[in-house]
Amino acid sequence: MKANLFGSAAVTAAIIVGIIALVIFIILISCIKIVRQSDAIVVERLGKYHRTLSTGIRFIIPFFDRTNGGVISLKEKIADFQPQPVITKDNVTMQIDTVVYYQITDPKLYCYGVDRPVAAIENLTATTLRNIVGEMELDETLTSRDVVNSKMRAILDEATDPWGIKINRVELKNILPPKDIRDAMEKQMRAERERREAILKAEGEKTSNILVAEGEKQAAILRAEARRQTLIAEAEGTAEAIHKIIDAHPDAAYVTLQGFEALKALANSDSTKIVIPSELTNVTSLLSSMQTIIDKK
């Protein structure tokens with residue numbers, strides 16, 4: 001009987017020792033922290049900031065140390081905020097949504113600097129955007145995105161520095177004016193495109209007319225030059241023929257024949273009437289007299 005009781009007590013003691021050993025093992029395991037690259041862990045000791053664990057295997061004291069905020073990523077993050085109503089200097093209400101690229105540079109300040117840092121950045125972005133756009137008119141806002149982005153980044157970066165946050169970039173994602181303003185802008189753009197089209201068309205027609213006129217001018221000059229060269233050539237040919245005839249001392253028969261040829265040419269015209277004398281010998285004598293005069297000269 002005593003042996004059985006002793007055996008039961010030993011088994012119970014072994015179980016208790018095993019449980020205690022398991023609890024101690026779990027506690028020791030929980031004291032080991034493996035911090036990955038681009039991560040950090042803030043450790044508090046008895047409720048007070050103690051240290052920041054960097055990359056590698058780190059150990060903490062059980063029951064005294066605890067982590068605040070868990071694992072903090074040091075990578076660059078993106079915060080896409082909802083559209084915010086913004087009023088411009090000329091009293092136009094627009095919807096503008098922003099995208100903020102930020103990075104945690106100091107985990108301690110990030111944990112203790114501000115409560116809910118992302119919400120704080122969103123509210124700060126909205127108020128800063130209203131202040132900047134409120135000093136600009138509608139057209140300036142639509143064409144000055146880079147200016148707005150630069151101003152917002154500088155203001156937000158300075159404001160979030162005590163929180164351990166670095167603002168790398170701020171981008172205006174969308175700018176949505178009211179529907180009536182968008183319709184008016186579309187009509188204005190359409191009218192501007194039509195005006196440019198009309199100007200280009202008029203300039204094209206002007207250039208075409210100038211080229212056609214230049215072509216006709218050059219063609220007329222070339223035709224006149226060709227006509228002049230033709231007349232000169234015909235006159236030179238006629239003069240040369242006359243000189244050759246004179247140099248050949250034509251007789252009366254040749255002169256008479258040429259007179260008949262001239263009459264024949266005149267007879268071929270519909271508007272020419274020729275009266276033939278009754279005695280052709282008179283014509284022959286007349287042509288002979290002309291030939292005598294030419295020979296004397």
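The values are calculated or read from the model by the stated rules, or taken from the named source; none is laboratory data. Keep in mind that this is a model prediction, so the values were computed, not measured. Neighbour counts are summed over all protein chains in view; Cβ atoms, including those assigned to glycine, are modelled from backbone coordinates with ideal geometry.
What is the residue count in segment 107-130 for residues that are farther than 11 Å from TRP163 by Cβ and either touching a Lys or Arg at 6+ places or on another chain (Cβ under 9 Å) or outside the structural domain of ASP97 (by TED's automatic domain parsing) (or both)? The qualifying residues number 1.
Could you identify the single residue in GLY134, GLY215 that is surrounded by 11 or more Cβ atoms within 10 Å (Cβ to Cβ) and over 26 Å from the mean Cα position of the chain (by Cα)? It would help to see each step written out before you state the result.
Numbers: GLY215 fails: surrounded by 11 or more Cβ atoms within 10 Å (Cβ to Cβ).
Step by step, each of GLY134, GLY215 is checked, and only GLY134 is surrounded by 11 or more Cβ atoms within 10 Å (Cβ to Cβ) and over 26 Å from the mean Cα position of the chain (by Cα).
If I filter segment 144-157 for residues that are over 26 Å from the mean Cα position of the chain (by Cα), outside the structural domain of ASP39 (by TED's automatic domain parsing), of a type in the set (Gly, Ala, Ser) and surrounded by 15 or more Cβ atoms within 10 Å (Cβ to Cβ), do I get at least one hit? Taking every residue of segment 144-157 in turn, none turns out to be over 26 Å from the mean Cα position of the chain (by Cα), outside the structural domain of ASP39 (by TED's automatic domain parsing), of a type in the set (Gly, Ala, Ser) and surrounded by 15 or more Cβ atoms within 10 Å (Cβ to Cβ).
Confirm whether ALA10 is outside any helix (DSSP H, G or I) and of a type in the set (Gly, Ala, Ser). Before the answer, list the steps.
Details: outside any helix (DSSP H, G or I): no; of a type in the set (Gly, Ala, Ser): yes.
Spelling it out, it is not the case that ALA10 is outside any helix (DSSP H, G or I) and of a type in the set (Gly, Ala, Ser).
With respect to the conditions (1) under 20 Å from LEU138 (Cβ atoms); (2) part of a helix (DSSP H, G or I); (3) aliphatic (A, V, I, L, M), LEU222 lacks only one, and its number is (1). VAL148 meets the conditions (1) of a type outside the set (D, E, K, R); (2) assigned to a helix (DSSP H, G or I); (3) over 21 Å from ASP90 (Cβ atoms) in every case but one. The failed one is (3). Comparison of ILE175, ILE167 shows that the only residue that is over 25 Å from the mean Cα position of the chain (by Cα), surrounded by 12 or more Cβ atoms within 10 Å (Cβ to Cβ), outside any helix (DSSP H, G or I) and in contact (Cβ under 8 Å) with a residue 40 or more places away in the chain is ILE167. Within segment 80-97, the set of residues being touching a Ser or Thr at 6+ places or on another chain (Cβ under 9 Å), surrounded by 15 or more Cβ atoms within 10 Å (Cβ to Cβ) and either small (Gly, Ala, Ser) or assigned to a strand (DSSP E or B) (or both) comprises GLN84, VAL86, MET94, ILE96.
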